[in-house]
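Down below is the structure, laid out as structure tokens.
The values are calculated or read from the model by the stated rules, or taken from the named source; none is laboratory data. What you are looking at is a predicted structure, and each value in this text was computed from that prediction instead of being measured. Cβ placement follows ideal geometry from the backbone for every residue including glycine, while neighbour counts extend to all protein chains displayed.
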Amino acid sequence: MLHTWTQDLRRHVHLHALVAGGALGPHGEWLRPKKGFLFPVPALSRVFRGKFIAALAPPAVNACGLPPAEWARLKSQCYAHDWVVYAKQPLGGPDAVLEYLGRYTHRVAISNERIVGIEGEHLAFRVRAEAGSGKKRTVRLPGVEFIGRFLLHVLPAGFKRIRHYGLLSPARKRSGLAAARAALEVAPPSAALVESVADFVRRVAGMEHACCPCCGRGPMRLVAALAPAPRALHQHGPP
């Protein structure tokens, strides 16, 4: 998954990769790592660097109009630095990893609730003061700069924020996952439960969603749909 922003909307391009702790063998068996981890981080850093730079080689570079001499100089600079690849065992297990990444899958760079006000040509929004502290601070930017930072994270045509590969690639997802479950002796997931809104609220909250909250007897009926009243954005919360 491609992630491009910081809390204050600056450009910070990095990738989150969800990797299985093993792989299917040529005969359908599940191959586990021998030392408790899939890849050594230093080796993974070098391989990722090599694969990434190789993918940027011509004709991709030629399409960007970069002269060969300039590309060779840039390539040498890229190889001169160690690339940062961070991997660790999840303390909360696979569920915690999925829950963390699930927060970012379909988000944009900033949500409405973080915008605290607009005054004149400036906009204020909340950011984390320190990672993990839970404390917040407010950043004020000119509207033009705010829009400019936001547009840094609109992907160009042809780019994808989420890519599926390996067992989850579209071409082999059904057969690959079935083979992995068979090798690991894991039961297939339960069929999706399809139910109405009324049945869902009744099952989860134990109440009738259309029941009048005042008398507790008669069902509520739609009388009219009221359009929201216009408001001054600088006097209220986020739009």
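Of note:
- Residue that is of a type in the set (Asp, Glu) and loosely packed, with under 12 Cβ neighbours inside 10 Å, where the choices are Asp8, Asp95: Asp95
- Within the set Gln77, Gln89, the sole residue that is part of a loop (DSSP other than H, G, I, E, B), loosely packed, with under 10 Cβ neighbours inside 10 Å and out of contact with any strand residue (DSSP E or B) (no Cβ under 6 Å at 6 or more places or on another chain) turns out to be Gln89.
- When residues of the stretch 92-118 are limited to those that are in contact with a strand residue (DSSP E or B) (Cβ under 8 Å, 6 or more places away or on another chain) and closer than 20 Å to Val154 by Cα, the one modelled with the lowest pLDDT: Tyr104
- Of the strands (runs of 3 or more DSSP E) contained entirely in the stretch 108-194, those carrying at least 1 residues that are free of Cβ contacts under 8 Å to residues at least 24 places away in the same chain and surrounded by 10 or more Cβ atoms within 10 Å (Cβ to Cβ) fall at 122-128, 136-142.
- Of all residues in the stretch 54-79, those satisfying the criterion of being modelled with pLDDT of 80 or more and more than 30 Å from Gly21 (Cα to Cα) are Ala69, Glu70, Trp71, Ala72, Arg73, Leu74, Lys75, Ser76, Gln77.
- Residue within the stretch 17-40 that is closer than 29 Å to Ala129 by Cα and at pLDDT 80 or above present: yes
- Test set (1) in contact (Cβ under 8 Å) with a residue 24 or more places away in the chain; (2) under 22 Å from Leu155 (Cβ atoms); (3) surrounded by 12 or more Cβ atoms within 10 Å (Cβ to Cβ) - Leu66 fails condition number: (1)
- Residues of the stretch 11-58 classified as touching a strand residue (DSSP E or B) at 6+ places or on another chain (Cβ under 8 Å) and of a type in the set (Gly, Ala, Ser), total: 3
- Residue within the stretch 202-220 that is surrounded by 12 or more Cβ atoms within 10 Å (Cβ to Cβ), modelled with pLDDT of 90 or more, over 30 Å from Arg32 (Cα atoms) and small (Gly, Ala, Ser) present: no
- Within this structure, Leu24 fails the test of being closer than 24 Å to Pro156 by Cα and surrounded by 12 or more Cβ atoms within 10 Å (Cβ to Cβ).
- Val84 falls short on exactly one of the conditions (1) in a strand (DSSP E or B); (2) in contact with a Ser or Thr (Cβ under 9 Å, 6 or more places away or on another chain), and that condition is (1).
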